[in-house]
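One structure below.
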Amino acid sequence: MTASIIELNDQEVRLARDNEIVVRSPGAAIVTNSGVEVGPTASQQIHLNPRESYQNFWYQLNQAALRSPSKSARHHADLAYLHLLQVLTEGGKPEKVVLAIPGGFRKEQLGLLLGIIHACGVEVIAMVDAAVAEAASCAGSGEYCHVEMQQYRTVITHLTVDEQVVRHRLDVLDDIGTQKISRLLVEFIADQFLVQSRFDPLHQANTEQILFNEIPNWIDLLRKRKETDVHIEFRQRRFDARLKRSAVVELLDPVYDEIRK
């Protein structure tokens, strides 16, 4: 039986089999008295339920108590277990997996992760550094920096590729991640709606959630064109704004400049 591969990133956990990604699940959870929602369902509600939401349980993989524990989840490790169990279930409950782990995890977190996998009833046959694995699959001989952006940090792995891939220094840049970029984009786009349509999407939780949900699609459009029109519908009205690629690049360049430095 071919082993499945789990690529762990606190932004999105992926399960692959036979060179194909079969499950993609964002690192998000909603904890209420009635139960726990994890993955895509939770991700669509994060800003509707801010007090019950968690997105840092992979980043802070530990057994410290949640701020609002429930019968189903007492700490971050419980949320990680429920999330991983859902990913494995959606992926057909593989018996054996290879774990691709990004740099930045501490030894005690890796030990806790192995315990969580064991509790899911899955055998781990190998654990590999995600940067090393990716370089081995595509990079020719030479010196490389592998950059992986997570929700709350960016990990830069220095590699030498020859007959083998050797990992050297690891630079972990805390507080530079997709959460920071998302917040910058949300505030910028909200300002565009306010200036162009006199509408503040951050004033209501449901329109704030729409904004966060749509940003990946809008940014993808800006990858293909210099500017694009976007809109939000609220209370039977439509509010429009025009976004320019150059303005977004200027907004985010200081973040990427920190990574380059």
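Brief remarks on what is shown
- Residues within the range 17-37 that are buried (at least 19 other Cβ atoms within 10 Å of the Cβ) and assigned to a strand (DSSP E or B), tallied: 8
- Residue in the range 97-115 that is open to solvent by 20 Å² or more (accessible area, probe 1.4 Å) and touching a Gly at 6+ places or on another chain (Cβ under 7 Å) present: no
- For the range 48-70, the criterion of being part of a helix (DSSP H, G or I), out of contact with any Pro (no Cβ under 7 Å at 6 or more places or on another chain) and of a type in the set (S, T, N, Q) is satisfied by no residue at all.
- Residue-level check: of (1) in contact with a Gly (Cβ under 7 Å, 6 or more places away or on another chain); (2) open to solvent by 50 Å² or more (accessible area, probe 1.4 Å), W58 misses just (2).
- From L159, L251, residue being more than 25 Å from H47 (Cβ to Cβ), touching a residue at least 12 places away in the same chain (Cβ under 8 Å) and in contact with a Phe, Trp or Tyr (Cβ under 6 Å, 6 or more places away or on another chain): L159
- Within the range 75-100, tally of residues that are in a strand (DSSP E or B) and polar (S, T, N, Q): 0
- Test set (1) part of a helix (DSSP H, G or I); (2) closer than 29 Å to A126 by Cβ - G103 fails condition number: (1)
- Check on S43, among the hydroxyl-bearing types (S, T, Y), touching a residue at least 60 places away in the same chain (Cβ under 8 Å) and open to solvent by less than 50 Å² (accessible area, probe 1.4 Å): no
The values are calculated or read from the model by the stated rules, or taken from the named source; none is laboratory data. Keep in mind that what you see is a predicted model, and the values were worked out from it rather than measured. Cβ coordinates were reconstructed from backbone atoms using ideal geometry, including for glycine residues, and neighbour counts include every protein chain displayed. Heavy atoms of the whole protein, side chains included, go into the accessibility calculation; ligands, DNA and RNA do not. Shrake-Rupley method; radii C 1.70, N 1.55, O 1.52, S 1.80 Å.
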